[in-house]
Amino acid sequence: MKIRIEHLGKIYAGGKEALRDLNLEIESGMFGLLGPNGAGKTTLMRIMTLLQNPTSGTIFFDDYDLSKDRKAIRSMLGYLPQDFRTFQKFRAWEFLDYSAGLAGIEKKKRGELVDEMLRKVGLYEERDRWANRLSGGMKRRLGIAQAIIGNPKIIIVDEPTTGLDPEERIRFRNILSDISDKDATIILSTHIVGDISSSCKNVALLNHGQLKFMGTPGEMLGQARGKVWELFVMQDEYEAIKGKYPVIMTVPEDGGLRIQIVAEEVAEYADVKSIEPNLEHAYVYYMDFVLKDKMDMQAKRL
């Protein structure tokens, strides 16, 4: 399924502009929506899931228009919000059974389907535990199970790995990757760059409600190539560098610190070498240098 976002805008009461003339196309597979907190990602997710209305513009899900075909679009969607909660009196399987009912699945078909979903997300052995007493990682897995139980064509997950330990983050990403291989469109909204680099074919970067980058993770990496440096510094040098450049990594070594920074050039330091960037480096480079340069150019025009 192809999603087209056309001239989308959202202004909240009081004049706060969360989205500004957003234009974006999303193909099937895993799509990453990246940006800092407050970039407009959650607002976009809530509009796409019909929980909020845009101030302007619309979204097309193939030929279905968000402004006209809300019932048809709702039947295509699965959603895992950032603040996912379960009902206090439901066991894990009961919550999933309830979710299946909301998805329109007949009661006689739910039992087998619920067990299938619990196995898929690794919760079958926990099926009789109270849902609200599951660990954070288990709750997120139950959340993705309720999002996919109706076999939706579009699955939207908002900050799904925040607060999870590394093992649960990897498990969660693997579940999403497995689903995306079955022709579903999965939109993964996050500020955690590692979730994007390990799973998404394409990525969009939002900042202050506007689209700042759209392309593959490799294309984003290419912009930071030759802009990431590793060097050894003394503690007093580090304090000066920290105020001048974004520091990505700091490792204590005998007599000082081994650090990685993002910069256009650092010729003033002797022990420095250029290193191959990862997506986190590229993200920092884009946010700290590319966007600031654009803002400076706009300010000069004014």
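The values are calculated or read from the model by the stated rules, or taken from the named source; none is laboratory data. Being a predicted model, the structure only gives us computed values, none of them experimental. Virtual Cβ from ideal backbone geometry, glycine too; neighbours counted across all protein chains shown.
If only one of TYR245, TYR285 is touching a residue at least 24 places away in the same chain (Cβ under 8 Å) and closer than 26 Å to PHE213 by Cβ, which one is it? Before the answer, list the steps.
Values: TYR245 fails: touching a residue at least 24 places away in the same chain (Cβ under 8 Å).
Going through TYR245, TYR285 in turn, the sole match is TYR285.
Against the conditions (1) of a type outside the set (S, T, N, Q); (2) modelled with pLDDT of 85 or more; (3) over 29 Å from the mean Cα position of the chain (by Cα), ILE275 satisfies every one except (3).
Residues in the stretch 256-283 that are out of contact with any helix residue (DSSP H, G or I) (no Cβ under 6 Å at 6 or more places or on another chain), closer than 24 Å to HIS191 by Cα and part of a strand (DSSP E or B): ILE259, GLN260, ILE261.
Okay, residues lined up against (1) among the aliphatic types (A, V, I, L, M); (2) surrounded by 21 or more Cβ atoms within 10 Å (Cβ to Cβ):
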| residue | (1), (2) |
| --- | --- |
| LYS109 | no, no |
| ARG127 | no, no |
| ARG133 | no, no |
| GLY143 | no, yes |
| GLN146 | no, yes |
| THR162 | no, no |
| PRO166 | no, no |
| ILE175 | yes, no |
| HIS191 | no, no |
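State whether the residues of the stretch 27-38 include one that is at negative phi, in contact (Cβ under 8 Å) with a residue 12 or more places away in the chain and of a type in the set (Ser, Thr, Tyr). Yes, because at least one residue in the stretch 27-38 is at negative phi, in contact (Cβ under 8 Å) with a residue 12 or more places away in the chain and of a type in the set (Ser, Thr, Tyr). Counting residues in the stretch 223-241 that are in the same structural domain as ALA18 (by TED's automatic domain parsing), buried (at least 20 other Cβ atoms within 10 Å of the Cβ) and assigned to a strand (DSSP E or B) gives zero. Residue count for the stretch 13-26 under the criterion of being without any contact (Cβ under 8 Å) to a residue 40 or more places away in the chain and surrounded by 12 or more Cβ atoms within 10 Å (Cβ to Cβ): the result is 1.
Taken over the stretch 76-100, residues that are surrounded by 13 or more Cβ atoms within 10 Å (Cβ to Cβ) and either more than 13 Å from ILE156 (Cα to Cα) or among the β-branched types (Val, Ile, Thr) (or both) amount to 12. Taking the stretch 39-67, which residues are surrounded by fewer than 21 Cβ atoms within 10 Å (Cβ to Cβ), free of Cβ contacts under 8 Å to residues at least 24 places away in the same chain and part of a loop (DSSP other than H, G, I, E, B)? If the condition is that a residue be surrounded by fewer than 21 Cβ atoms within 10 Å (Cβ to Cβ), free of Cβ contacts under 8 Å to residues at least 24 places away in the same chain and part of a loop (DSSP other than H, G, I, E, B), then LEU51, ASN53, ASP63, SER67 are the ones that fit.
Scanning the stretch 92-108 for residues that are in a helix (DSSP H, G or I) and not aliphatic (A, V, I, L, M) returns TRP93, GLU94, PHE95, ASP97, TYR98, SER99, GLY101, LYS107, LYS108.
Take the stretch 151-164 and flag every residue that is in a loop (DSSP other than H, G, I, E, B) and out of contact with any helix residue (DSSP H, G or I) (no Cβ under 7 Å at 6 or more places or on another chain). Steps first, answer last, please.
So in the stretch 151-164, the residues in a loop (DSSP other than H, G, I, E, B) come out as 151-153, 159-164.
Across the stretch 151-164, the qualifying residues are ASN151, PRO152, LYS153, GLU159, THR162.
Checking each residue of the stretch 244-253 against the condition of being loosely packed, with under 14 Cβ neighbours inside 10 Å and either assigned to a helix (DSSP H, G or I) or of a type in the set (Gly, Ala, Ser) (or both) gives no match. Every listed requirement among (1) touching a residue at least 60 places away in the same chain (Cβ under 8 Å); (2) surrounded by fewer than 16 Cβ atoms within 10 Å (Cβ to Cβ) is met by MET220 save one, (2). Taking residues in the stretch 191-206 that are in contact (Cβ under 8 Å) with a residue 40 or more places away in the chain and polar (S, T, N, Q), and partners anywhere that are part of a loop (DSSP other than H, G, I, E, B) and surrounded by fewer than 20 Cβ atoms within 10 Å (Cβ to Cβ), the pairs with Cβ atoms closer than 6 Å and at least 6 places apart or on different chains are ASN202/THR216.
State all residues of the stretch 25-37 that are outside any strand (DSSP E or B) and touching a His at 6+ places or on another chain (Cβ under 8 Å); if no residue qualifies, say none. Before the answer, list the steps.
Taking the stretch 25-37 first, the residues outside any strand (DSSP E or B) are 27-28, 35-37.
Hits for the stretch 25-37 are GLY35, PRO36, ASN37.
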